[in-house]
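One structure below.
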Ligand code: ADP
């Protein structure tokens with residue numbers, strides 16, 4: 001209840017008094033709230049017939065409340081795809097909600113109004129459940145996000161064009177600075193060398209920032225290129241770890257590659273008694289360049305934020321999941337920062353990040369790439385002791401991997417997000 005106190009101000013002649021009086025009536029109270037909500041609110045029964053529609057919904061759909069009530073929601077709220085085509089039956093949220101007892105959220109939904117106006121909407125649908133958990137109706141709450149989406153797209157387009165254009169001159173500056181620093185090509189004194197080394201490092205940072213901006217803008221609007229194929233993660237990670245080893249060892253850190261689970265059996269080493277062991281093969285379906293990008297980023301971070309100890313790249317899994325991890329003995333991450341770490345531009349504010357360069361885009365891009373392959377990325381960390389970044393990817397069975405490798409259903413399973421150039 002609203003808890004209005006009976007004060008002298010609640011006299012029915014004052015505005016506050018009028019409100020308190022009308023709120024005493026249950027029906028009125030309900031109407032006041034629903035009618036004053038700017039978002040669209042529609043209540044449907046189990047036949048998908050509209051029982052209640054508020055003015056917000058009536059305006060968005062272009063139907064007067066009196067006409068829309070009693071009509072099937074699919075006639076009033078026409079859900080379409082991004083190209084304005086009718087949604088197939090299986091993807092219609094008003095059908096889906098009666099097949100599940102969980103709320104449904106669609107942030108990227110589209111609606112065609114009565115006058116054929118195309119709107120981007122954010123839709124939440126909540127099922128109404130009876131005592132037997134049967135859905136007897138649903139409440140739809142939706143909002144017009146057309147303007148916000150258009151602005152988002154404009155921003156992303158601007159960032160990708162600007163960073164693309166700026167990458168070229170920055171690469172040229174970096175190249176010339178590298179030439180100036182090369183003894184075989186140019187002669188400079190030590191003072192000039194010191195200046196140019198600083199300029200070179202900053203240009204490299206700038207180049208990385210543009211590249212990351214471009215990749216993140218593309219990741220956000222779904223234009224990240226991806227050419228997935230079957231990858232055997234054991235071999236892939238071992239090779240990658242060897243390529244990366246140098247940068248850890250250069251900083252005096254130990255580097256380890258750990259593979260396997262308790263059921264690991266190693267084929268290359270026959271055991272006594274003729275027992276043979278087999279290395280498990282962890283297959284996933286992803287773009288190896290993209291995965292390399294992610295693991296390299298986690299590895300570079302591990303090295304950047306670890307002063308002593310070791311970095312372990314590991315692989316394990318079960319029937320369904322392949323799990324890779326990158327573990328370090330570094331600074332660790334404060335608990336309050338962990339939930340924000342995979343957001344754009346997020347950097348922990350401490351002495352380590354202030355002295356170590358970075359863009360705060362690496363983990364955001366990593367999350368976007370891993371989500372592209374229906375995976376999950378997260379971190380577990382203890383301040384002062386170190387962090388472990390985990391990646392879970394769906395595991396392909398050996399049979400399925402062979403089939404895909406043979407190319408039989410390669411094209412069907414291919415998931416190229418767009419045909420744009422590599423981000
Ligand atoms: P950056 O370019 O700043 O490294 P990332 O997106 O890769 O950007 O990482 C975001 C932030 O997460 C970093 O600024 C750092 O504060 C924190 N972080 C990432 N990896 C580690 C790690 N292994 N140990 C400690 N902090 C880390």
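The values are calculated or read from the model by the stated rules, or taken from the named source; none is laboratory data. The structure displayed is predicted, hence computed values, not measured ones. Cβ atoms come from the backbone with ideal geometry, glycine included; neighbour counts cover every protein chain shown.
Structure above, values below:
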quantity: Count - residues of the stretch 330-363 that are more than 7 Å from the ligand (Cβ to nearest atom), without any contact (Cβ under 8 Å) to a residue 24 or more places away in the chain and touching a helix residue (DSSP H, G or I) at 6+ places or on another chain (Cβ under 8 Å); calculated: 2
quantity: Subset of the stretch 292-315 [closer than 19 Å to residue 231 by Cβ and within 16 Å of the ligand (Cβ to nearest atom)]; calculated: 292, 293, 294, 295, 296, 297, 298, 299, 313, 314
quantity: Answer residue from the stretch 216-236, given it is at pLDDT below 90 and outside any loop (DSSP other than H, G, I, E, B) and is nearest to residue 162 (Cα to Cα) among those; calculated: 217
quantity: Index of the failed condition, residue 393 passing every other in (1) modelled with pLDDT under 95; (2) away from the ligand (no atom under 16 Å from the Cβ); (3) buried (at least 21 other Cβ atoms within 10 Å of the Cβ); (4) within 15 Å of the chain's Cα centre (by Cα); calculated: (1)
quantity: Subset of the stretch 123-134 (residues that are surrounded by fewer than 19 Cβ atoms within 10 Å (Cβ to Cβ) and either touching a helix residue (DSSP H, G or I) at 6+ places or on another chain (Cβ under 9 Å) or outside the structural domain of residue 43 (by TED's automatic domain parsing) (or both)); calculated: 126
quantity: Residue ranges of helices (runs of 4 or more DSSP H) in the stretch 57-159 with at least 2 members farther than 25 Å from residue 219 by Cβ and within 30 Å of the chain's Cα centre (by Cα); calculated: 93-96
quantity: Residue match in the stretch 316-327 (condition: within 9 Å of the ligand (Cβ to nearest atom), in contact with a helix residue (DSSP H, G or I) (Cβ under 7 Å, 6 or more places away or on another chain) and in contact (Cβ under 8 Å) with a residue 24 or more places away in the chain); calculated: yes
